[in-house]
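Here's the structure, in structure tokens; my notes come after.
Derivation of every value follows stated rules applied to the coordinates shown; laboratory data play no part. All values reported here derive from a predicted model rather than from experimental measurement. Note that each Cβ is placed from the backbone with ideal geometry, even for glycine, and that neighbours are counted across all protein chains shown.
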Amino acid sequence: MKRLQGYDIIVLMMAVILTCFGVVMVYSASSVMAAKKFHDGFYFLKRQSIYALVGFTTMGICMRIDYHHWRRVAVPLFFTCFFLLILVFIPGIGGTAKGASRWIRLPGFNFQPSELAKVALIIYMAYSLDKRQEKLRQFMSGFFPYLLILGVFIAILLKQHDMGAALTMVSVAIIMLFAAGTRLQYILGMGAVLLPGVCFMVATAAYRMRRITAFLDPWQDPTDSGFQIIQSWLALGTGGFFGQGLGEGKQKLFYLPEAHTDFILSVCGEELGFIGVLVIAAMFLLLVQRSIRVAIAAEDNFGRFLAFGIAVLIGIEAFVNMSVVTGMVPTKGLALPFLSYGGSSLIITLTAVGVLLNVSTRMRGNPA
Amino acid sequence: MIDKPEKWARVRMRLAAALFGLFCLLVLGRSFYLQVLQKDRLVKIAEKQHQRVVPLTPSRGAIYDRTGAPLAVSIEMDSCYAETRNLENLPDAAAKLAPLLGTTKDQLEAKLKASKNFVWLARRMPPEAAQKIRDLDLDGVGFVKESKRFYPNSEVAAHVLGFTGMDPGGLEGVEKKYDSTILGNTGFLVTERDALGRDVDQKKGTEGKSGTKGNNLYLTLDKNVQYIAEKELAKAVETNQARAGIAVVMEPDTGRILAMANYPTFNPNSYFKYQGGALRNRAISDSFEPGSTFKIFLVASALENRVIGPRDYFNCENGSYNVGGRTIHDTHRYASLNVPQILKYSSNIGAAKIGSRLGPERLYQALTGFGFGDRTDVDLPGETGGYLRQQSKWYGVDLATISFGQGVSATAIQIATAVSAVANGGNLMRPYLVEKVVDDTGQVVKEIAPQVKRRVISPETARTVARMLEGVVDEGGTGTNAAVEGYRVAGKTGTAQKVDAATHGYSASKRTASFVGFVPLEKPRLTILVVVDEPKTSPYGGVVAAPAFSAIAQQALCYLKVPPEKGIRKKVQQGPREEAPPPQPVMEEGGSVDGVETGTMPNFRGMSMRQVLRVMEKSGLNVKLQGSGRAVEQHPPPGSRISTQDQVWVRFVPSA
């Protein structure tokens, strides 16, 4: 084993800064609501702080675990995730919130298996793409199996009303396939086949349809389906260029649904202005670019695909969430990595960053 | 060593990185658009939703009487509302609130669920009850200050004042008529709030426009006179077991209404407990057949049109007279009566004869001139104009009956106003109740001046009629009960049959008894009308209404410190002759009045026209008056023997 080289310090810094910043913003966004709901303004702050600490710990551990070990757990982890995703549907174990059942109730903590599944998929894909490198350009042996696996995942996630996770996983998997060398025409072809299916699913589920129409014209129904996006716009608009100041936002005061989770960026935008949004987006972009650089410079294909998958996951989640918040994409129920409140997402994202950082220690050529 | 697929993978990864860069730019561009370019528009929308506009109930100005005594005031009270969308736990809130609101949980819950968002829980609560709800500290339950109207004198002037409903608008009376004057502008508070409707950011405080206070009203009404009128009216109605009653006291020179009393009455503080009959201001909204009081206007217009002389005699047909296919009766039979006697004894036949001499056109014109058939424009809502048929539609007996007040209807305020015209020398005034409008700083906003609507008769005619009306109250007249100790009274009784709603004919037993008059005779200060509806003891105005007139006048004159007249006669002790006393010798009042002996020409020098007329009237002399002012010349000279047939004239010149 080679002596460990330095970690990519920028990736590490971005992850830590974003997480800490997220804890602050979660507090700002949630304190009034928490005081009202739980009679404890610090409710979400405390929890998010604990998640951050747990996340930093697992990140630190994963940084030290040779990423090659993941190759061995790739398949078992993958199937464990399948199992966990199905476990959600069992009454008494699964937890339901707002019409969606995506949690497994643990003492003091609701675990969201779809978050784990995202990383499990990336590890499995990296393992598999590395192994099948030569067959990737063929359809039946190189592309079709992944379609099957993805199809099953999507079916389960849609059953959980977790469109956001489903689309994220599909996007991440396809971009990984693309990077690994799958023919572009397969991917485009698949898109052509899937598009009508997606349209059908949207049209048949009332809540999905509402989200789409609300996205197209939120003002049509500003108090109901268009409410969330309008409130988000109002938050951003009120923030202006420099923002209202940390803690001074008003939209989070029960106007903006999910202010501390999916729409935390609206709160950032209101309180810190366009400048705040710019800095956050820049940090994400830097994180993603550096991570892709790690992937490119990785010492082997498994590490490359692993790092790339994690980079893409973070990038997709971050920028799609921002698109949702600014009203460019329909609402999906997608958290902003590092910033949004949520234990599963934060811990697993930080863990994944730990894995990526381990990859960064074994880069070829010039390390950071 | 880099193999080919690996190289491709790196290229594709770089491509992905570039795409992320693009994606990031797109997001930032959109964010810039919203946060910088669209800022103003979005801020405006956000402000609207962050601000709650709480309307502030305007407080009503107070109503005072002419002396400044408060008749209606506003007090601030808490009203409690719920915004159901913001109720955290509706059933729980309902359970907590129900006992405090005196309702059941189920009822309250249903009420809350039925409302879209805003629902009043209680309007104008007692402070202790409001505090109990405040202590619950429920989200979605709030308070606003609303003013509640309070009438400190309870029933006094209830019908004039009217009342207000739950919302601050006036529903009746002056409260309604002057609603926009009394009612301040609705103010509002703009408070910052969150989506749960709770006010946030106390530092900034609330801003907005506080409601302006409404103006205060000063009425022409005098609380004491009003009280006197109400008390005496109630007595008259109750002792005569009548159905209802009206009393109006007016300043004849100005049309100021000093009192307007109704029976039955109500307490405006709890108006909702009363039936419509008690709430109605009969003085303006009920018209009735005036009966004999109408003869005042008949005689006035006949004199004005010079179709009769004050001393003219009319054949009264011994109590039964056929006209237009109908027989008119006088209860008592008279062979012949002169004009003052027709009034004094209230002869219907005599009135019919005067009417026929006047003719329908002139009578109709005179009556409309006195304001009948048309509203007086008194500043109260709901006034009716009574009923006076178009002259072109008078047939048969109409002229005769209208002459003595049958087949027409009038309101109390109309009759009081018309009699005031006789009292004040011939001007029909607009009766009014609001003297001035004063804003809350005490600045006079508006002052209402007396308004002459038109001259209806000459001062001379008015004087003559007034003098004749004094006879009604004098010994032998129908209105002796109206006499007032220390003052000379002019007046007229009225007794009208009521139309039976069932038969559309005149009811055999139901009467409207009234007395209208003014006092003191020489310089009238008060016109007083008393109407008693369906008295059971006696149908006659002189028996039922006149005593109330006397009592009101006596007390009001004393209260107003009107000096008693010199040379007053004692109150007539003898009972009144109701409408039709037995025939009396012509002008029993010969004798010596004011030192004038019958048959001797008095010395008029230095007297005013009014004084001369009075003397002439007493002596039964027929006199021609020339000029105006003070008497300077007369024929025949003082002390000469004269008879009623002699030509007598007096010349007047204006005094320097």
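Summed over qualifying helices (DSSP H, 4 residues or more, each -39500 (n - 2.57)) and divided by its residue number, chain A shows a 222 nm mean residue ellipticity of -23000 deg cm²/dmol. Only alpha carbons enter this Debye calculation for chain A, each as an equal point scatterer, and the log10 of I(q)/I(0) it gives at q = 0.11, 0.15 Å⁻¹ is -0.77, -1.42. A Cβ-based charge dipole, computed about the Cα centre of chain A with Lys and Arg at +1 and Asp and Glu at -1, lands at about 940 debye. Rounded to the nearest whole Hz, the Karplus-based 3J(HN,Hα) values (6.51 cos²θ - 1.76 cosθ + 1.60, θ = phi - 60°) of the stretch B:540-554 follow the sequence 8, x, x, 8, 8, 9, 4, x, 5, 4, 4, 5, 5, 4, 4, with x at glycine and proline. Residues whose amide H comes within less than 5 Å of that of residue B:316, counting only those at least five positions distant or on another chain, are B:336, B:337 (H built at 1.01 Å from N in the peptide plane). Positive end of the dipole of the protein assembly as shown (Cβ unit charges, origin at the Cα centre): among A:284, B:394, B:562, the Cα lying farthest that way belongs to A:284. Determine the shape class of the stretch A:157-212: with a ≥ b ≥ c the square roots of the Cα gyration tensor eigenvalues, call it rounded for a/c under 1.5, and otherwise prolate if a/b is greater than b/c, oblate otherwise. Note, shape of the stretch A:157-212 comes out oblate.
Which is farthest toward the positive dipole end of the stretch B:398-494 among B:428, B:472, B:489, measuring Cα position about the Cα centre, with Cβ charges +1 (Lys, Arg) and -1 (Asp, Glu)? Comparing the listed Cα positions along the dipole, B:428 ranks first. Long-range amide H contacts for residue B:640: which residues qualify at under 5 Å (H placed 1.01 Å from N, peptide plane, sequence gap of 5 or more or a different chain)? Correct list: B:601. Shape of the stretch B:367-489 from the C-alpha gyration tensor: oblate (a/c of 1.5 or more and a/b not above b/c, with a ≥ b ≥ c the square roots of its eigenvalues). Dipole orientation for the stretch B:118-166: of the candidates B:122, B:157, B:138, B:157 has the Cα lying most toward the positive pole (charges on Cβ; Lys, Arg +1; Asp, Glu -1).
Sparse packing (at most 10 other Cβ atoms within 10 Å of the Cβ) combined with a DSSP loop state is found for the following trypsin sites (Lys or Arg not before Pro) in the stretch B:275-381: B:306. Database remark: amide H of residue B:141 closer than 5 angstrom to the amide H of B:83 (H placed geometrically; neighbours at sequence offset of 5 or more, or on other chains; Pro and chain starts carry no H). Checking the Cα-Cα distances for B:223/B:446; A:252/A:332; B:231/B:295; B:177/B:453; A:36/B:113; A:252/B:44 against a 26 Å cut-off, the pairs over it are B:231/B:295. Footprinting exposure proxy ranking of B:321, A:51, fewest other C-beta atoms within 10 angstrom first, gives B:321, A:51. When both the stretch B:519-560 and the stretch B:224-239 are represented by their alpha-carbon centers, they are found 10 Å apart.
Counting Cβ atoms of other protein chains within 10 Å of each Cβ in A:244-251 and taking the mean gives 2.
Using the Cα gyration tensor of the protein assembly as shown, with a ≥ b ≥ c the square roots of its eigenvalues, what is the shape: rounded (a/c below 1.5), prolate (a/b larger than b/c) or oblate (neither)? Note, shape of the protein assembly as shown comes out prolate.
Among B:44, B:436, B:145, the order by Cβ neighbours within 10 angstrom, fewest to most, reads B:44, B:145, B:436. For the stretch A:308-323, 3J(HN,Hα) computed residue by residue from phi via the Karplus equation (6.51, -1.76, 1.60; θ = phi - 60°) reads 4, x, 5, 4, 5, 4, 5, x, 4, 4, 5, 6, 5, 4, 5, 5 Hz, glycine and proline entered as x.
Placing unit charges on the Cβ atoms only, positive for Lys and Arg and negative for Asp and Glu, gives the protein assembly as shown a dipole magnitude near 2760 debye about its Cα centre.
Computed over neighbours whose Cβ is under 11 Å from that of residue A:345, the net charge equals -2, Lys and Arg +1, Asp and Glu -1. In chain A, excluding the sites themselves, the longest stretch lacking any of the trypsin sites (Lys or Arg not before Pro) that are in a DSSP loop with at most 10 other Cβ atoms within 10 Å is A:99-368. For the segment A:237-243, counting C-beta atoms of other chains within 10 Å of every residue's C-beta and taking the mean gives 6. Mean partner shielding of peptide A:311-319, defined as the number of other chain Cβ atoms within 10 Å of each residue Cβ, is 3. Neighbour counts of other Cβ atoms within 10 Å put A:31, B:180, B:346 in the fewest-to-most order B:180, A:31, B:346. Computed from phi, the 3J(HN,Hα) profile of the stretch A:16-25 under the Karplus parametrisation 6.51, -1.76, 1.60 (θ = phi - 60°) reads 5, 4, 4, 5, 5, 4, x, 4, 4, 5 Hz, with x in place of Gly and Pro.
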